[in-house]
1. Starting from one equal scatterer on each C-alpha and no solvent at all, send me the Debye-based log10 I(q)/I(0) for the range 139-295 at q = 0.12, 0.13, 0.16 Å⁻¹, two decimals.
2. Given 10 Å bins starting at zero, what is the percent of C-alpha pairs of the chain in each, up to the one with the largest pair distance?
3. Considering the dipole of the chain built from charges on the beta carbon (Lys and Arg +1, Asp and Glu -1) around the Cα centre, which of I252, L288, I76 is farthest to its positive end?
4. Take the chain, connect every pair of alpha-carbon atoms lying under 10 Å apart with a spring to form a Gaussian network, then pick out the residue of T52, T141, T113 with the largest mean-square fluctuation.
5. Under a 10 Å cutoff between Cα atoms, tell me which one of Y121, Y135, Y108 has the largest fluctuation in the Gaussian network model of the chain.
6. Which whole-Hz couplings ³J(HN,Hα) result when phi for each residue of the range 41-50 is put into the Karplus expression 6.51 cos²θ - 1.76 cosθ + 1.60, θ = phi - 60°, listed in order with x for Gly and Pro?
7. At 0.692 mPa s and 37 °C, plugging the Kirkwood radius over alpha-carbon pairs of the range 151-216 into Stokes-Einstein gives what diffusion coefficient in µm²/s?
8. What order do you get for L103, L37, L275 when you list them from fewest to most C-beta neighbours inside 10 Å?
Amino acid sequence: MSIFKGSMVAIATPMNEDGSLDFESLEQLIEFHVDNLTDVIISVGTTGESATLDFNEHSKVIKTTIDLVNGRIPVIAGTGANSTSEAIELTESAKKNGADGCLLVTPYYNKPTQEGLYQHYKKIADQVSIPQILYNVPGRTSVDMEPKTVYRLSSHSNIVGIKEASGDKQRSKELLSLCSDNMQIFTGDDKTSIGDLLDGFSGNISVTANVVPKQMHMMCKHAMEGDSEKASELNKKIDILHDVLFCESNPIPVKWCLNRMGLIKKGIRLPLTWLDEKYHEQLNQALLDSGAINE
């Protein structure tokens, strides 16, 4: 039985106001997730600002996260890159540091063909023996990995799943039909996650779980057990977060929320900037409505 399931938080990377890494807040954030029933932590995924961490920082955050979690829940390392050799190096480093698995976003900007995507992921899986999860998010990368390509990769022993973040219901059904016998399928779109989980997805790799981990854990649990009534009741309360956490580019809004909750400092790296003041009231109300804060 796979150790990857349920509410899988794509955790934000805490930073000081000058953009340097804040490991003290990282420890606080990890304890927050363990205490509030998060099932899996994804360290330095795209929500963790992987694009602006250098290799040494990337590896240090992953290793520190693994050390702080100390085996209490699984840790998946974000090791994707638009260079195949760099993705291999990051994946090897994550394995060395003790990650339970790796999450690899599709190569961004260079827009490879479907054959290029297949060869990219196959080469990484051939060279590094660690459970690997593919990650398709066409809205951010400008490349869409088609289900037939996922199916070709699903037979590889080191490729154990895919995070599908297109938000397309038809795509979800096609992946379940083609690939669910060979790999796990995770949703990467909080807004549509409840439906995917009720249909048979194995978990939700979530941005919203940064802010309401316990509620997201319970929603995923009930949905995966087929209890649509309980899952819907929980999702209704946090649904506002699925929307407002993307009022500006992720992770700008989620970092503002975590700062408002007293969990991290006011730090983010250029070219991302701190949340525009015009959104503060809207996000604060969403935190109140969802139960993330009390006043």
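1. At q = 0.12, 0.13, 0.16 Å⁻¹ the computed log10 ratios are -0.58, -0.67, -0.93.
2. Per 10 Å bin, starting at 0, the Cα pair percentages come out as 7, 31, 38, 21, 3, 0.
3. I76
4. T113
5. So, out of Y121, Y135, Y108, the one fluctuating most is Y108.
6. Coupling constants for the range 41-50: 10, 9, 9, 6, x, 5, 5, x, 6, 4 Hz.
7. Value of D from the Cα-based Kirkwood radius: 270 µm²/s.
8. L37, L275, L103
Where a number appears in this text, it was derived from the coordinates with a stated rule and is not lab data. Keep in mind that what you see is a predicted model, and the values were worked out from it rather than measured. Note: ideal-geometry Cβ built from the backbone for every residue, glycine included; neighbour counts use all protein chains shown.
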